[in-house]
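Let me begin by presenting the structure, written as structure tokens, before commenting on it.
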């Protein structure tokens, strides 16, 4: 049998990569001196290209990074936060029955092409998103995913009451509406530009009201934006030009940063973050933790129906050691489903690491010598579980210490996501990255109902479902917060899940970059960026 | 083919004396030739070394293979950790030692399985000839037409990842090799006078196969099997590397390599140790196999 020399492949690959990296570092700076654009241009190194610049039809994060600079929303997340602040709407109110939202729009704003911003323009955008028969609706290869997920089932119509008053009329209350509208997928396009370029062409010719105007887009290479002098936030943007360069390889992107070809990059390799921390020319910023990874029990499984066993597992996992050891310093121990940036948290008492008590609980549950079962770990790297395998192995070894033998299993990610909705997994790792700052985006997805055939939905507590569903249609945020906190407290008291960690996501930048604030949803506002 | 046919055998005891008396001296000669070959000696010594390590793993290993220390990850080699620690702070030296057990077992069991079924199929096909021969060997040809690793991946994908399924898959993909070797030898041997004689005195087919043909077809199979252990260990490591073999925390060398190669630039030792172990074990079986080959086939060993 002729076998490829497998044992040598990886060292060889590493050497080849090393050589290419060195070669890249030497060659690249010379070849793109054109990027040296002086203190008036901020260059951002992106991990991938946008798929369109019409964010209404896209759910691609690489698109949102760009459209955030070109467009505005009715309301937006505060810099570095998930709470909302006025954007194109200056104030808003909701009718007592929760069915009519009235927005007072900002005056004196024009789109980049001179089209005035008013209620008609806003209505034009809502009509386009909501009505499939609208001439500007259909875009080949795209759908309105966010509209479908967050608005479609409650939206009835948009009304232009007067030039600066917009009303959204709903079929049923949708309390998270305000937070949902802070997602950049609800950006406002210039009606005139949509008419001029058509629904298909607008994605290549984006016209909004934002701090930067679109200049050019060279696919898989760069997108150039230039300051909008009549931007409504006075004194912004601070930098004349923004260029967003696509550098797909993490290591190459980091080298471009080191060489000064770009001023800041996203999604660096963990080891490069360490290198950046000790580099005198670089600094590290963070997107606040907006994700959570946890271990979920299949409560349809006889073993995990028993609360004592769930509690024993929770007590046996040394979450602190896992976060300290395996998150490269970017993690914090999670004590509930929502990260600290969110409102509506229960602030429950952290689950301690207590293997002795875990053993006692096992004995009480008639398993003094433990038991064995399949524990499924995620096959991919996510912010909340940087290495599913390493974390899964660490958890299994913690369980081994109290006599529970967890057989580690995994499968292809697509299959994994599907199988968690069957009863195949007795216990598994899963997580969430937030879309917006509304608790409904979190708890509403984790605890919508009970399903006896679905490990993900195997928790049967109608009181929790009632609270979450009621919170979705309640208008007062204070009341909603109380309901979510109450629901979360019940879930945690039942040891339904074992939260493991929230992780912040590093952004690397050169020392002279000021005002780049990491955004939980990964869409930084570049209007405040300055090069000192 | 290798042994000369004894002329003075009484028909009633056709196979036995030949297999005993002549066979013993053939193997003794071969052993002497094997031992004269320095490469073969090194290979053999390494195999014995690995076997001892595998048997005594729990006594030699300073730590358990799954003993984690999350705060001492990827530490370079030191007095406490001769080969450093891996991505979960486990002692790489201990894991490599335990890994010898797994690789030895996988290699030997997989080859034993492949050798057993391959030899039976090959000898049966070669001896019977005709339609059975055609049928069996066409299946073997089809199996050989698949790249072995792809076929093994297919089998593991079907049965689910794990060490036992790895052994099964590696075993199955290697059957055709042994079937071919066994058949080729059988075809040549069955024409020899002692076989014809055995048949003439009314020996049953299985007796002819077992007593006359198998002992004489053995030497090429032994050579192939020794070399095959090296191939099987590599195949198993490849499956482990792809995440289809042993599941964590099993210290299978291929899996260890795949878990640690992403830290190659910062913690090369975690990948170096299992990689070197695989290389060394494969080398040892290859050297021993080549030595056996030369020893058992004097015509080849005399080449310049």
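Mind counting the residues in segment A:371-411 that are without any contact (Cβ under 8 Å) to a residue 12 or more places away in the chain, closer than 22 Å to residue B:257 by Cβ and within 9 Å of another protein chain (Cβ to nearest Cβ)? Even if it seems obvious, please write down each step before you answer.
At the first step, the residues of segment A:371-411 found to be without any contact (Cβ under 8 Å) to a residue 12 or more places away in the chain are A:381, A:397, A:400.
Restricting the remaining residues to those that are closer than 22 Å to residue B:257 by Cβ gives A:381, A:397.
If we keep only those that are within 9 Å of another protein chain (Cβ to nearest Cβ) too, we end up with A:397.
Of the residues in that region, 1 qualify.
So, in segment B:140-153, how many residues would count as being touching a residue at least 12 places away in the same chain (Cβ under 8 Å) and in a helix (DSSP H, G or I)? Spell out the reasoning first.
Filtering segment B:140-153 for residues touching a residue at least 12 places away in the same chain (Cβ under 8 Å) gives B:140-141, B:143-144, B:146, B:148-149, B:151-153.
From what is left, the residues that are in a helix (DSSP H, G or I) are B:140-141, B:143-144, B:148-149, B:151-153.
Of the residues in segment B:140-153, 9 are touching a residue at least 12 places away in the same chain (Cβ under 8 Å) and in a helix (DSSP H, G or I).
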### Query
Going through segment A:455-477 one residue at a time, which ones are surrounded by 15 or more Cβ atoms within 10 Å (Cβ to Cβ), free of Cβ contacts under 8 Å to residues at least 40 places away in the same chain and in a loop (DSSP other than H, G, I, E, B)?
A:457, A:461
### Query
From the set of residues in segment B:239-271 that are without any contact (Cβ under 8 Å) to a residue 60 or more places away in the chain and under 30 Å from residue B:223 (Cα atoms), which is farthest from the other protein chains (Cβ to nearest Cβ)?
B:255
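Over 30 Å from residue A:444 (Cα atoms) and not assigned by TED's automatic domain parsing to the domain that holds residue A:392, is that true of residue A:258? Give the steps one after another, and end with the answer.
Working: over 30 Å from residue A:444 (Cα atoms): yes; not assigned by TED's automatic domain parsing to the domain that holds residue A:392: yes.
It is true that residue A:258 is over 30 Å from residue A:444 (Cα atoms) and not assigned by TED's automatic domain parsing to the domain that holds residue A:392.
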### Query
Which ranges mark the helices (runs of 4 or more DSSP H) fully within segment A:222-310 that have 1 or more residues being free of Cβ contacts under 8 Å to residues at least 60 places away in the same chain?
A:270-277, A:302-305
## Note on the structure
The condition from (1) within 22 Å of the chain's Cα centre (by Cα); (2) crowded, with 21+ Cβ neighbours inside 10 Å; (3) more than 14 Å from every other protein chain (Cβ to nearest Cβ) that residue B:212 misses is numbered (1)
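With the requirement that a residue be in a helix (DSSP H, G or I) and either away from chain B (no Cβ under 14 Å) or over 25 Å from the mean Cα position of the chain (by Cα) (or both), what does segment A:412-445 give you? Quick ask: steps written out before the conclusion?
Quick first cut of segment A:412-445, residues in a helix (DSSP H, G or I) only: A:413-419, A:439-441, A:443-445.
Passing the criteria: A:414, A:417, A:418, A:439, A:440, A:441, A:443, A:444, A:445.
Residues are listed down the side, and each one gets a yes or a no for (1) more than 14 Å from chain B (Cβ to nearest Cβ); (2) under 19 Å from residue A:228 (Cα atoms); (3) modelled with pLDDT under 85:
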position: A:3; (1), (2), (3): no, no, yes
position: A:7; (1), (2), (3): no, no, yes
position: A:48; (1), (2), (3): yes, no, no
position: A:65; (1), (2), (3): yes, yes, no
position: A:79; (1), (2), (3): yes, no, no
position: A:93; (1), (2), (3): yes, no, no
position: A:107; (1), (2), (3): yes, yes, no
position: A:120; (1), (2), (3): yes, no, no
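Applying the selection to segment B:155-187, what residues are over 19 Å from residue B:230 (Cα atoms), in contact with a helix residue (DSSP H, G or I) (Cβ under 9 Å, 6 or more places away or on another chain) and in a helix (DSSP H, G or I)? Step through it out loud before you land on a result.
Just the residues of segment B:155-187 that are over 19 Å from residue B:230 (Cα atoms), to begin with: B:155-162, B:182-187.
The next check asks that each one be in contact with a helix residue (DSSP H, G or I) (Cβ under 9 Å, 6 or more places away or on another chain); those that pass are B:155-156, B:158-159, B:161-162, B:182-187.
B:155, B:156, B:158, B:159, B:182, B:183, B:184, B:185, B:186, B:187 - these are the residues of segment B:155-187 that are over 19 Å from residue B:230 (Cα atoms), in contact with a helix residue (DSSP H, G or I) (Cβ under 9 Å, 6 or more places away or on another chain) and in a helix (DSSP H, G or I).
State whether one or more residues within segment A:342-353 are touching a strand residue (DSSP E or B) at 6+ places or on another chain (Cβ under 6 Å), closer than 25 Å to residue A:487 by Cα and either within 14 Å of another protein chain (Cβ to nearest Cβ) or buried (at least 16 other Cβ atoms within 10 Å of the Cβ) (or both).
Here is the first cut: in segment A:342-353, the ones touching a strand residue (DSSP E or B) at 6+ places or on another chain (Cβ under 6 Å) are none.
Looking through segment A:342-353, none of the residues is touching a strand residue (DSSP E or B) at 6+ places or on another chain (Cβ under 6 Å), closer than 25 Å to residue A:487 by Cα and either within 14 Å of another protein chain (Cβ to nearest Cβ) or buried (at least 16 other Cβ atoms within 10 Å of the Cβ) (or both).
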#### Entry: Close pairs (9 angstrom Cβ cut-off, 6 or more residues apart or separate chains): outside the structural domain of residue A:139 (by TED's automatic domain parsing) in segment A:59-72, in a helix (DSSP H, G or I) and at pLDDT below 90 anywhere
A:59/A:145; A:59/A:146; A:59/A:149
### Query
What do you reckon, is residue B:203 out of contact with any helix residue (DSSP H, G or I) (no Cβ under 7 Å at 6 or more places or on another chain), away from chain A (no Cβ under 13 Å) and crowded, with 17+ Cβ neighbours inside 10 Å?
yes
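Look through B:230, B:236, B:212, B:217 and report the one residue that is under 24 Å from residue B:296 (Cα atoms), in a helix (DSSP H, G or I) and at pLDDT 90 or above. Give the derivation first.
Working: B:236 fails: under 24 Å from residue B:296 (Cα atoms); B:212 fails: at pLDDT 90 or above; B:217 fails: at pLDDT 90 or above.
Result: B:230 is the single residue among B:230, B:236, B:212, B:217 that is under 24 Å from residue B:296 (Cα atoms), in a helix (DSSP H, G or I) and at pLDDT 90 or above.
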### Selection from segment B:63-103 of residues that are more than 30 Å from residue B:170 (Cα to Cα) and part of a helix (DSSP H, G or I)
B:70, B:71, B:72
### Query
Just to be sure, is residue A:522 closer than 26 Å to residue A:326 by Cα and surrounded by fewer than 22 Cβ atoms within 10 Å (Cβ to Cβ)?
yes
### Summary
Taking segment B:242-264 and keeping only residues that are in a helix (DSSP H, G or I) and at pLDDT 85 or above, one is left with B:253, B:254, B:255, B:256, B:257, B:258, B:259, B:260
#### Entry: Residue check, residue B:99 over 24 Å from residue B:52 (Cβ atoms) and within 14 Å of chain A (Cβ to nearest Cβ)
no
### Query
Residues in segment A:313-329: is at least one surrounded by fewer than 20 Cβ atoms within 10 Å (Cβ to Cβ), away from chain B (no Cβ under 14 Å) and in contact with a helix residue (DSSP H, G or I) (Cβ under 9 Å, 6 or more places away or on another chain)?
no
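The values are calculated or read from the model by the stated rules, or taken from the named source; none is laboratory data. What you are looking at is a predicted structure, and each value in this text was computed from that prediction instead of being measured. Cβ coordinates were reconstructed from backbone atoms using ideal geometry, including for glycine residues, and neighbour counts include every protein chain displayed.
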